[in-house]
1. If every alpha-carbon in the range B:1-86 counts as one equal scatterer, what log10 I(q)/I(0) does Debye give at q = 0.11, 0.19, 0.26 1/Å?
2. Which residue fluctuates the most in chain B, going by a Gaussian network model with Cα springs under 10 Å, if the choices are B:Gly90, B:Gly73, B:Gly13?
3. What 222 nm value per residue comes from the helices of the protein assembly as shown, counting each DSSP H run with n ≥ 4 as -39,500 (n - 2.57) and dividing by all residues, nearest 500 deg cm²/dmol?
4. How many percent of Cα pairs in chain B exceed 27 Å?
5. Sort the range A:1-83 into rounded, prolate or oblate with this rule: let a ≥ b ≥ c be the square roots of the eigenvalues of the Cα gyration tensor; rounded if a/c is under 1.5, and if a/c is not under 1.5, prolate when a/b is larger than b/c, oblate otherwise.
6. Using only the Cα atoms of the protein assembly as shown, what are the Rg and Dmax in Å?
7. Using alpha carbons only, how many degrees (0 to 90, rounded to 10) separate the axis of helix B:129-139 from the longest principal axis of chain B?
Amino acid sequence: MMFPLQHFLILSAILFSVGLLLVVIKRHAIMMLIGIELMLNAANLNLVAFNQLYPNHRDGQMFALFVIIVAVCETAVGLAIILRTYHFYQTSVPDAVAELADKP
Amino acid sequence: MEPATIMFYFFEGAAALSAASLIFIRQVFYGALLLIVCLLSLAAIYILAFAEFVAVTQILVYAGGIVVVILFGVMLTAKIGEKPLVVQHGNLFGGILAAASLLAVLLYGLAGHDFTPATAATTMATQNAVQETGFVMMRDFVLPFELAGMLLLMALVGAAVIAARTKNNRAS
């Protein structure tokens, strides 16, 4: 039994919009990372949902797996950068960090 | 109604609600916990969409890995014994305008299109689904698979190097 594709797509649209909203309005670096994760999951949900139309192929699921792998890399590097800037500036508000180089 | 249908709508509602409440959450720790709820509901939806391996990977990697790393990040960027940091909101007008208009466009496009498959939908074989996924991954997708391993190694080594403390920090 296949659930109607429309429901997957509506949920995916909601998740993507919420992720975009989080990235724009939250003034905290980790909340912005959470928003990016939501957007990647929305894309994954679309890939898995459309894979149901082609029962003999697994390409959509494979793409979802690679998206998950890239999300892991992005989160690890992003959190490392957040930790480093926090130790340096004592803040995790991205707007407060205006310079990346250490001025002599 | 079948039990599977009830479960499908329940997990859809859970995912949408937890994502929507992320907007109003002011503490990062609770945000990470809500993210776990959202990701686990998505894993359940993946199982109902005949993607068992993706669901297991979602639980292992997202709920087990990424959220734990995010929680470490939350704890390492908070001072001990201090009140939890309240996240401020900024760019409210632009953010709400962008997100609401994107959602409206997407829903409008979805409402105007019929996604029911043209041919009679043959459901996926659920008997050896994980086995089949393994065959496809190691046969057709073996090059991207190995490249993803290299990418993961490079990213994690880079993250460790970036996060390592050096002597001349400005603050300490």
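Just so you know, all these numbers are worked out from the coordinates, no wet-lab data involved. As the structure is a computational prediction, the values presented were derived from the model and not from experiment.
1. Taken in order of the listed q values, log10 I(q)/I(0) reads -0.37, -0.86, -1.21.
2. B:Gly90
3. Numbers: 10 runs with 187 residues, N = 276.
The helix contribution divided over the protein assembly as shown gives -23000 deg cm²/dmol.
4. Working: 7527 of 14706 pairs.
The answer is 51 percent, as a whole percent.
5. Numbers: a/c = 5.16, a/b = 1.68, b/c = 3.07.
Cα axes put the range A:1-83 in the oblate bin.
6. Cα only, the protein assembly as shown: 20.2, 69 Å (Rg, Dmax).
7. Tilt of helix B:129-139: around 70 degrees.
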